[in-house]
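> If you scroll down you'll find the structure; I have some questions about it.
The values are calculated or read from the model by the stated rules, or taken from the named source; none is laboratory data. In this text the structure is predicted, and so the values were computed from the model without any measurement. Cβ placement follows ideal geometry from the backbone for every residue including glycine, while neighbour counts extend to all protein chains displayed.
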Amino acid sequence: MTRRTRLRLFLVSAAVLAVVVLAGFGELPAFGHPGATFGAVLNALSVPQRHITDVVTAVNFTYRGVDTLAEEFIFFAAVTAVVLLLAPGDDEHADHASDAATGRWVPQTSDAVRVLALALVGPTILFGLYIVAHGHLTPGGGFQGGVVLATGVLLVYLAGEYTHLHGLYPDTVVEGIELGGASAFVVIGLIGLAVGGTFLATWGPLGQVGQLNSAGNVPLLNVSVGAEIGAGFVLLLSAFLRQTIVLRRHPPANASGSA
Amino acid sequence: MSVLAYGVAAWLLFVGLWGIVQSRNLVHLVICLAVVQAATYVLLVAIGYRAGAVAPVFAVRLGTVAVDPVVQALCLTDVVVGTTVTALLLALVVQIHKRTGSLDPDSLRDLGE
């Protein structure tokens with residue numbers, strides 16, 4: 001198919017799609033309408049019933065917690081798939097001393113980048129922990145905080161070398177954290193089944209609204225998700241960096257003789 | 001104002017699709033798919049908006065009118081799924097570049113041979 005044929009085909013199907021989309025948008029509630037009942041009910045119930053001031057967290061971890069479990073395992077499966085896809089192939093080898101054109105000038109990472117990245121590691125990790133811990137109070141939680149925590153690890157790579165990053169965070173340990181986070185979510189849900197009668201039922205002391213140690217098991221769920229997402233992103237980063245920096249394809253067997 | 005949010009969602013959908021069709025670079029193509037997905041974020045948040053309402057966080061003002069939290073939670077799910085799809089596709093792109101030495105989608109037709 002030439003580019004021109006493809007473009008014509010796209011314009012025709014896009015026109016059809018545009019008609020369908022516009023017809024669909026026509027049926028949508030007007031912008032700023034009084035709102036769906038379910039959302040209003042949750043807004044009214046979240047604080048008195050669950051002691052959670054961030055209603056989005058209340059939806060994600062209590063009222064709709066099972067969906068979040070599935071979402072967490074979508075992420076888990078995707079990380080596994082990426083690590084598998086980027087695994088060293090039969091025709092690849094690790095090559096740490098990779099500069100073939102020796103003698104040329106290689107620009108070093110500037111000291112400004114190194115110092116700034118290193119200085120930001122601590123605050124970033126602290127901020128990530130804060131976001132994870134306050135998921136039930138203010139916008140945030142395990143998903144968002146986990147990504148911030150993984151950013152802290154990426155800063156270590158920016159400040160140093162790939163080998164430092166790999167030495168600091170061995171894959172087996174990170175995989176363990178990811179697995180632990182994912183399973184902890186299931187275990188917390190099963191405790192809810194045992195105590196409250198339904199899977200992921202809220203358990204534990206509800207505490208005082210607005211306090212860090214309130215909302216029962218929800219902070220625990222956030223910590224488990226934060227561990228899984230943070231570790232998962234570190235695995236993703238590590239897989240991409242390894243593929244780009246360390247792994248090299250073997251030269252074809254009869255190309256140059258010595259390799 | 002009332003149609004602007006829905007218009008932006010439709011615009012993101014079609015401009016992203018246009019980018020995918022016209023793409024000559026696989027990384028660009030993956031990012032175009034992310035743009036298409038951004039249309040769903042805008043649509044979800046627009047559907048949940050209520051005139052004069054605040055964010056569904058009651059840490060400060062208990063009892064005020066807030067926007068729909070359900071679509072915002074869906075949006076969060078959407079972001080997570082979007083990220084994983086992007087990561088997965090970029091991993092495929094890395095391998096394609098490694099095997100074929102090219103990032104042009106049009107060069108992929110020979111893969112089956």
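> In the stretch B:56-74, which residues are more than 7 Å from chain A (Cβ to nearest Cβ) and modelled with pLDDT under 85?
B:60, B:61, B:63, B:64, B:65, B:67, listed by residue number.
> Looking only at helices (runs of 4 or more DSSP H) that lie completely in chain B, which have at least 1 residues being over 30 Å from residue A:19 (Cβ atoms)? Outline the logic, then answer.
Working: elements: B:4-22, B:26-48, B:69-100.
The helices (runs of 4 or more DSSP H) meeting that bar are B:26-48, B:69-100.
> Looking at the stretch B:75-99 only, could you name the residues that are facing chain A (nearest Cβ under 9 Å) and closer than 26 Å to residue A:39 by Cβ?
If the condition is that a residue be facing chain A (nearest Cβ under 9 Å) and closer than 26 Å to residue A:39 by Cβ, then B:75, B:76, B:77, B:79, B:80, B:81, B:83 are the ones that fit.
> Out of all the residues in the stretch B:11-37, which are among the small types (Gly, Ala, Ser), buried (at least 18 other Cβ atoms within 10 Å of the Cβ) and within 12 Å of the chain's Cα centre (by Cα)?
Step one: list which residues in the stretch B:11-37 are among the small types (Gly, Ala, Ser), which gives B:16, B:19, B:23, B:34.
From what's left, buried (at least 18 other Cβ atoms within 10 Å of the Cβ): B:16, B:23.
Hit for the stretch B:11-37 is B:16, nothing else.
> The conditions are (1) within 14 Å of chain B (Cβ to nearest Cβ); (2) assigned to a helix (DSSP H, G or I); (3) touching a residue at least 40 places away in the same chain (Cβ under 8 Å), and residue A:153 fails exactly one of them. Which is it?
All conditions are met except number (1).
> Conditions first: (1) at pLDDT below 90; (2) under 20 Å from residue A:233 (Cβ atoms). Residue A:104 passes all but one, so which condition is the exception?
Condition (2) is where residue A:104 drops out.
> Within the group A:201, A:215, A:231, which residue is in a loop (DSSP other than H, G, I, E, B) and crowded, with 23+ Cβ neighbours inside 10 Å?
Details: A:201 fails: crowded, with 23+ Cβ neighbours inside 10 Å; A:231 fails: in a loop (DSSP other than H, G, I, E, B).
Selected residue: A:215, the only one of A:201, A:215, A:231 that is in a loop (DSSP other than H, G, I, E, B) and crowded, with 23+ Cβ neighbours inside 10 Å.
> In addition: Return the residues of the stretch A:195-245 that are more than 24 Å from the chain's Cα centre (by Cα) and within 14 Å of chain B (Cβ to nearest Cβ); say none if nothing qualifies.
Answer for the stretch A:195-245, where residues must be more than 24 Å from the chain's Cα centre (by Cα) and within 14 Å of chain B (Cβ to nearest Cβ): A:208, A:209, A:210, A:211, A:214.
> OK, next. I'd like the residue in the stretch A:62-76 that is more than 8 Å from chain B (Cβ to nearest Cβ) and not β-branched (Val, Ile, Thr) and, out of all such residues, is farthest from residue A:46 (Cα to Cα). Spell out the reasoning first.
Filtering the stretch A:62-76 down to residues more than 8 Å from chain B (Cβ to nearest Cβ) leaves A:62-63, A:65-66, A:69-70, A:72-73, A:76.
Imposing the further condition that a residue be not β-branched (Val, Ile, Thr) reduces the set to A:63, A:65, A:69-70, A:72-73, A:76.
Numbers: A:63: 9, A:65: 14, A:69: 20, A:70: 22, A:72: 23, A:73: 26, A:76: 29 Å.
Applying the filter and picking the extreme gives A:76.
> Restricting to the stretch A:51-94, name every residue that is buried (at least 24 other Cβ atoms within 10 Å of the Cβ) and of a type in the set (D, E, K, R).
Result: A:54, single match.
> Any residue in the stretch A:9-32 that is in contact with a strand residue (DSSP E or B) (Cβ under 8 Å, 6 or more places away or on another chain), surrounded by 15 or more Cβ atoms within 10 Å (Cβ to Cβ) and free of Cβ contacts under 8 Å to residues at least 12 places away in the same chain? Break it down stepwise before answering.
Of the residues in the stretch A:9-32, the ones in contact with a strand residue (DSSP E or B) (Cβ under 8 Å, 6 or more places away or on another chain) are A:32.
Checking the rest, the ones that are also surrounded by 15 or more Cβ atoms within 10 Å (Cβ to Cβ) come to A:32.
From the residues that got through so far, the ones that are free of Cβ contacts under 8 Å to residues at least 12 places away in the same chain too are A:32.
Checked against the condition, which is being in contact with a strand residue (DSSP E or B) (Cβ under 8 Å, 6 or more places away or on another chain), surrounded by 15 or more Cβ atoms within 10 Å (Cβ to Cβ) and free of Cβ contacts under 8 Å to residues at least 12 places away in the same chain, the stretch A:9-32 yields at least one hit.
> Sticking with this one: Inspect the stretch A:170-192 for any residue being part of a loop (DSSP other than H, G, I, E, B), surrounded by 12 or more Cβ atoms within 10 Å (Cβ to Cβ) and at pLDDT 80 or above and give the result as yes or no. Before you say what the answer is, go through the steps one by one.
Start the filter on the stretch A:170-192 by keeping residues that are part of a loop (DSSP other than H, G, I, E, B), which leaves A:170.
If we keep only those that are surrounded by 12 or more Cβ atoms within 10 Å (Cβ to Cβ) as well, we get none.
Checking the stretch A:170-192: not a single residue is part of a loop (DSSP other than H, G, I, E, B), surrounded by 12 or more Cβ atoms within 10 Å (Cβ to Cβ) and at pLDDT 80 or above.
> Now for a different question. Given the structure, is residue B:43 out of contact with any Phe, Trp or Tyr (no Cβ under 6 Å at 6 or more places or on another chain), facing chain A (nearest Cβ under 7 Å) and either on the phi < 0 side of the Ramachandran plot or surrounded by 20 or more Cβ atoms within 10 Å (Cβ to Cβ) (or both)?
Details: out of contact with any Phe, Trp or Tyr (no Cβ under 6 Å at 6 or more places or on another chain): yes; facing chain A (nearest Cβ under 7 Å): no; either on the phi < 0 side of the Ramachandran plot or surrounded by 20 or more Cβ atoms within 10 Å (Cβ to Cβ) (or both): yes.
Answer is no for this residue.
> Still on this model: Out of the stretch A:11-32, which residues are under 33 Å from the mean Cα position of the chain (by Cα) and closer than 27 Å to residue B:67 by Cα?
Within the stretch A:11-32, A:21, A:24, A:25, A:28, A:29, A:31, A:32 meet the criteria.
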